[in-house]
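We did not get these values from a lab; they are worked out from the coordinates using the rules stated. Keep in mind that what you see is a predicted model, and the values were worked out from it rather than measured. As a convention, Cβ positions derive from the backbone with ideal geometry for all residues, glycine included, and neighbour counts pool all protein chains shown.
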Amino acid sequence: MKTLTLTLAATLMLTLASPAQQAGQGFGSTKLAPGAPAPLLTDIEMLKGEAPGEWQPGHVYVLDFWATWCAPCIDSIPHMSSIQRRFADQNVHVIGTAIWPRKGMTPTREFVTDYDELMQYSVAMDVGRRTGRDFMEAAGQYGIPFVMVVDGEGKIAWMGHPMDDLEGVLKEVVDGDFDRVAYEARKKERMDQADVLFKEFQAAVQVQDWTVLADITEQMVQLDPGMFGQFAFYHYVALERMGLKEKAASYGRVAVETTLHDKLADLERIAWLIVDPRTEQTAEERDLDLALMAAQRADVLTRHKHPSVLDTLARVHFLKGHLDEAVELQRRAVVSVEDGALRTQLQGRMDEYLRARDAEDT
């Protein structure tokens, strides 16, 4: 369920894709690209909200392609809800479009019902795999989550990962002054800089040079907080490994309130990094207040429904001695999953918290 510990942090850093890979560069020739007329979103079944029909002049559509089997897609849901709220009064319509179903996944309809409060935007489901073909495959894209922005003229204005500079792009598209050529030039410049830094990042990880890593990750975040905000987490890790506890604590708090505020996966990573039972730290050495900040924000983003987040938050309360809160949160985590192995793992921690509470009462 969760694997991040201080001893494993450097290994996990290596799993990051390069900035070029994150940006989706190098897909070869495609027929659907920014500037082209967008296909109509017709081969869908609406699960929430109304079907768009024709692209309405002056309206902007954010098509978020996702699937229930895709963990990063789930992590980006709070961000997409935030985007819809942010632009709700500016004729911007977010449509989560489920594609590429797999055997054994949580059925899309069931997922949307369970996470109705979390998904604060329209949701559609592909019919006959035609939407995935006409949009994603036509654009040479084979990884999700992935977003296409359709501008007020019914043309593709932008394509990219939902956690890239989507909000910045939308501001310009809504204002009618989005210059695709200029944007792509700026983006290429940032990508070139980021690729150089990323290679240095990987080299520093190999030798666990935390001082260099702290410097590189800070540069990455400054280069583009929206696109490379996840490096704030790795900057925090580097400061921790350097023994700069106060600096790490201060940076972590600022990051949770700013750069990582809507980045669900990284919020949970910070919290679990601190409370992981396999971490060789005493309770006094753990920054439980920061863990609580991060876990509570993640819980808000997921509308108090995500079992992994509930499990993390319960662990924070357990270590802080809030045993009633820990038991109740863990109970909710246990009942929210059906998977046997995961449920057993969660129940194991539940039993630990119950024993601790019983011992306190005697």
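Of note:
- In this structure the amide hydrogen of His93, modeled in the peptide plane, comes within under 5 Å of the amide hydrogens of Val60, Tyr61, Val62, none closer than 5 places in sequence on its chain.
- One chain, two ends: Arg109 and Asp177. Fully extended at 0.36 nm per residue, the span grows by 20.7 nm beyond their Cα-Cα distance.
- Just checking the listed ones, Ala341, Ala51, Ala67: in the Gaussian network model of the chain with Cα springs under 10 Å, the one fluctuating most is Ala341.
- Between the stretch 249-292 and the stretch 158-210, the alpha-carbon centres lie 26 Å apart.
- The three principal axes of the C-alpha atoms in the stretch 24-163 carry coordinate ranges of 37, 35, 26 Å, sorted with the longest axis first.
- Extension gain for the segment Met242 to Lys31, taken as residue separation times 0.36 nm less the Cα-Cα distance, is 71.0 nm to one decimal.
- Distance between the 7 Å Cα→Cβ label points at Arg278 and Asp361: 3.3 nm.
- Backbone N under 18 Å from the Gln208 label point (7 Å along Cα→Cβ), restricted to the stretch 243-277: 243-245, 273-274
- Interchain or long-range residues, amide H under 5 Å from Trp158's placed H: Val149
- Cα-based shape type of the stretch 58-105, given that a ≥ b ≥ c are square roots of the gyration tensor eigenvalues and the cut on a/c is 1.5: oblate
- Percent RCO, i.e. relative contact order, over the chain, from Cα pairs under 8 Å lying at least 6 residues apart: 17
- Cβ-Cβ FRET estimate between Arg133 and Arg86, R0 fixed at 25 Å, reported to 0.05: 0.20
- Backbone HN-Hα couplings from phi across the stretch 75-92 [Karplus 6.51/-1.76/1.60, Hz, Gly and Pro as x]: 4, 8, 4, x, 5, 5, 5, 5, 4, 4, 5, 4, 10, 4, 9, 10, 6, 9
- Of Lys48/Lys199; Lys31/Lys188; Lys171/Lys263; Lys48/Lys263; Lys103/Lys187, those spanning more than 31 Å from alpha-carbon to alpha-carbon: Lys48/Lys199; Lys103/Lys187
- Over the stretch 162-319, Cα pairs under 8 Å with separation of 6+ residues give a relative contact order of 15 percent.
- What the phi angles of the stretch 329-345 give under the Karplus curve with 6.51, -1.76 and 1.60, with θ = phi - 60°, is a coupling list of 5, 5, 4, 5, 5, 4, 6, 8, 10, 10, 4, x, 5, 5, 4, 5, 5 Hz, glycine and proline written as x.
- Note on the chain: with a GNM built from Cα contacts shorter than 10 Å, the maximum mean-square fluctuation among Val196, Val207, Val149 falls on Val207.
- Within a Gaussian network of the chain (alpha carbon springs, distance under 10 Å), most fluctuating of Met105, Met163, Met125: Met105
- DSSP beta bridge pairing in the stretch 83-211, given as percent antiparallel to the nearest 5: 50
- Relative contact order [Cα under 8 Å, 6+ residues apart], the stretch 154-225, whole percent: 23
- Near Leu41, no amide H atom lies under 5 Å from its own; only residues 5 or more places off or on other chains count, and H is placed 1.01 Å from N.
- Full-stretch length increase - Tyr142, Lys305 - with 0.36 nm per residue and alpha-carbon distance subtracted: 55.8 nm
- 3J(HN,Hα) couplings calculated from phi for the stretch 292-299 with the Karplus curve 6.51 cos²θ - 1.76 cosθ + 1.60 (θ = phi - 60°) are, in sequence order, 5, 4, 5, 5, 5, 5, 4, 5 Hz; Gly and Pro show x.
- Helix content alone sets the calculated 222 nm mean residue ellipticity of the chain: runs of n ≥ 4 DSSP H residues at -39500 (n - 2.57) each, divided across all residues, give -15500 deg cm²/dmol.
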